[in-house]
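> One structure follows; several queries about it will come next.
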Amino acid sequence: MKLKIKDRIQRLVEGLGEKDIEGILISQPENRRYLSGFEGSAGFLVITAKDSILATDSRYTIQAQSQAPDYKLLATSGEMGQWFPELVSGLGIKRLGFESEHIAFAQHRRLYDILNKGNSQLRLIPVDGVVESLRALKEPEEIELMTRAAGIADAAMGHIRQKLRVGMTELEAAWEIEKFMREEGSQAIPFEIIVGSGSNAALPHASPSERAIGESEPIVVDIGARVEGYGSDLSRTFCLGAPDETFKKVYDTVLGAQKAAIAIIKEGMSGGDADQLARTVIEEGGYGQAFGHGLGHGVGLAPHESPRLGPNSPDKLADSMVFTIEPGIYLEGWGGVRIEDMVVMERGKLRQISQAEN
Ligand code: ZN
């Protein structure tokens, strides 16, 4: 993919300017990758209107040169205290933002002490959500990669639908899915596959276990593939043999809530209002207390990112956002049903990206 790094940096600097901040220290891994193209697992970016610097150690310098040609490379060695003062003294700025939700408290204290000792005029200002809100608006190339990742997960869901048998363990089913996705071209999968059968299906984030899948019980399967760093997210709920009355009622309620949400959610709606829309359908079905998580979340370089669709979320849904719509009903002891698709907002309305059959 041709990365629009200069474009992203420019939008970031504009966003910081609105907060009266002259530069930012980036440490969060997905933000670092998004803003530079550098895929290594250690390093910092320092970005101002004039400078774009990537500081990383000798394990990554060759990779950094080829993946982040828009950045000036600073080869670091040893503790941050040894290179950070020099790096920031050359910037000629007074207010440097840092990602307070990612920098550890101890690390912040070290930086603070270093600056104090050197009588630096530079102030560290906590800044959060600026890069995340840029990442929430996907470029066409990013949507293309996520569509490919969704296609792999769709095919894997079709595959496991054929393969599921009474007596197969959740772990066996999860491995069958993972193997399939890797063979179909997925990179290392973005999150652990969920296969929750019977009473385990009542746990929204059940880890696959040695439990053997039985007849006439719900089986929640939640999977994602990854292409060039971009993930997908998809859930279906199956039942082997004849479903009981509860399954039929719960399944229809969840599907009804999901379809209503996909049809009605529009540009400009808040994540809270979108959530309420699906929640109302589930409440009317009599299961209001059993939908314990939010309706959905953004997907991209991270498996969960902005926007958040959930109770009281102020996030405004906008064109070019990619997120999930995943209502669920969970009944302790019985199990649960979740149906999840990935959608993109286009011309004010949602278009479904994932296409696995229901
Ligand atoms: Zn999800």
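> If one takes the longest principal axis of the Cα atoms in the chain, at what angle in degrees, from 0 to 90 and to the nearest 10, does the Cα axis of helix 5-18 lie?
Compared with the principal axis, the helix lies near 80 degrees.
> In addition: Compute the relative contact order of the range 170-281 as a whole-number percentage, counting only Cα pairs closer than 8 Å that sit 6 or more residues apart in sequence.
On the way: 154 pairs, mean separation 22.5, N = 112.
So the answer I get is 20 percent.
> Let me ask you something else. Each residue of the range 59-64 in turn: what ³J(HN,Hα) in whole Hz from Karplus with 6.51, -1.76, 1.60 and θ = phi - 60°, glycine and Pro shown as x?
Going residue by residue, I get 5, 10, 5, 5, 4, 5 Hz, with x marking Gly and Pro.
> Continuing with this model, one more query. Where the convex hull is taken over the Cα atoms of the range 5-135, what is its projected area averaged over directions, in nm²? Write out the running numbers ahead of the final one.
Working: hull surface 28.3 nm².
With the hull built on Cα positions only, its mean projection is 7.1 nm².
> Using a Gaussian network model of the chain with C-alpha springs under 10 Å, which one of 116, 31, 312 is most mobile by mean-square fluctuation?
Highest fluctuation among the options: 116.
> Rounded, prolate or oblate: which fits the chain when a ≥ b ≥ c are the square roots of the eigenvalues of the alpha-carbon gyration tensor, with rounded for a/c under 1.5 and prolate only if a/b beats b/c? The partial results should precede the final answer.
On the way: a/c = 2.32, a/b = 1.92, b/c = 1.20.
Note, shape of the chain comes out prolate.
> Okay, next question. Percent relative contact order of the chain, based on C-alpha pairs within less than 8 angstrom and at least six residues apart? It would help to have the intermediate numbers written out before the result.
Working: 758 pairs, mean separation 50.7, N = 358.
Here the relative contact order equals 14 percent.
> The range 101-153: which GluC sites (Glu not before Pro) are DSSP loop and have at most 16 other beta-carbon atoms within 10 angstrom? Could you put the intermediate results ahead of the total?
Numbers: sites: 101, 132, 141, 142, 144; in loops: 101.
Sparse-neighbourhood loop GluC sites (Glu not before Pro): 101.
> Also, quick follow-up: Would you grab the residues whose amide H sits under 5 Å from the one on residue 335? Only those 5+ places off in sequence or on another chain, please, with H modelled 1.01 Å from N.
Amide H neighbours of residue 335: 202.
> Short version: ³J(HN,Hα) in whole Hz for each residue of the range 262-276, in order, from phi by Karplus 6.51 cos²θ - 1.76 cosθ + 1.60 (θ = phi - 60°), x for Gly and Pro, what are they?
With coefficients 6.51, -1.76 and 1.60, one gets 5, 6, 9, 4, 10, 4, x, 5, 7, x, x, 5, 4, 4, 4 Hz.
> To continue, here is another question. Show the residues, 5+ positions off or on another chain, whose built amide H is closer than 5 Å to the amide H of residue 97.
22, 23, 24, 25, 125
> Kindly flag which residue pairs out of 94/266; 2/316; 72/349; 4/163; 50/266; 248/316 have an alpha-carbon separation exceeding 31 Å in this structure.
On the way: 94/266 41 Å; 2/316 28 Å; 72/349 41 Å; 4/163 42 Å; 50/266 38 Å; 248/316 34 Å.
Flagged as over cut-off: 94/266; 72/349; 4/163; 50/266; 248/316.
> Tabulate in residue order the Karplus-calculated ³J(HN,Hα) for the range 241-252, using 6.51 cos²θ - 1.76 cosθ + 1.60 with θ = phi - 60°, rounded to whole Hz; enter x for Gly and Pro.
Result, ordered by residue: x, 7, x, 7, 4, 4, 4, 4, 5, 5, 4, 5 Hz.
> Could you bin all the Cα-Cα distances of the range 54-193 into 5 Å bins starting at 0 and give me the percent of pairs in each, rounded to whole numbers?
2, 7, 11, 11, 13, 12, 10, 10, 9, 7, 5, 2, 1, 0
> If you average the sequence gap of Cα pairs under 8 Å that are 6 or more apart and divide by the length of the range 140-352, what percent do you get for the contact order? Before the final figure, lay out the partial values.
Working: 516 pairs, mean separation 46.1, N = 213.
This gives 22 percent for the range 140-352.
> Which residues' amide hydrogens lie under 5 Å from the amide hydrogen of residue 229, considering only partners 5 or more residues apart or on another chain, with H built in the peptide plane?
none
> Would you work out the charge dipole size for the range 204-356 about its Cα centre, treating the Cβ of every Lys and Arg as +1 and the Cβ of every Asp and Glu as -1, and quote it to the nearest 20 debye? Mind dumping the intermediate values first?
Numbers: 14 positive and 22 negative charges, 70 e Å.
Dipole size: approximately 340 debye.
> I would also like to ask the following. To the nearest 10 degrees, how steeply does helix 170-183 sit against the main Cα axis of the chain, on a 0 to 90 scale?
60
> Using DSSP to define loop residues, name the GluC sites (Glu not before Pro) in the range 293-358 whose beta-carbon has at most 10 other beta-carbon atoms within 10 Å.
Numbers: sites: 305, 332, 340, 346, 357; in loops: 332, 357.
In loop regions of the range 293-358 (DSSP not H, G, I, E or B), the sparsely surrounded GluC sites (Glu not before Pro) are 332, 357.
> Now, a different point. Between the range 161-240 and the range 303-326, what is the C-alpha centre distance in whole Å?
Here the two parts' Cα centres lie 24 Å apart.
> In nm², what is the average projected area of the convex hull enclosing the Cα atoms of the range 118-260? Could the numbers behind the result be given before it?
Numbers: hull surface 52.1 nm².
Answer in nm², one decimal: 13.0.
> Would you calculate, for the chain, the mean residue ellipticity at 222 nm contributed by helices, counting each DSSP H stretch of 4 or more residues as -39,500 (n - 2.57) and dividing by all residues, to the nearest 500?
Values: 10 runs with 131 residues, N = 358.
Roughly -11500 deg cm²/dmol at 222 nm, from the helical runs in the chain.
Here, each number is a calculation from the coordinates, and none is a lab measurement. As the structure is a computational prediction, the values presented were derived from the model and not from experiment. Positions of Cβ are backbone-derived with ideal geometry, glycine not excepted, and every protein chain shown enters the neighbour counts.
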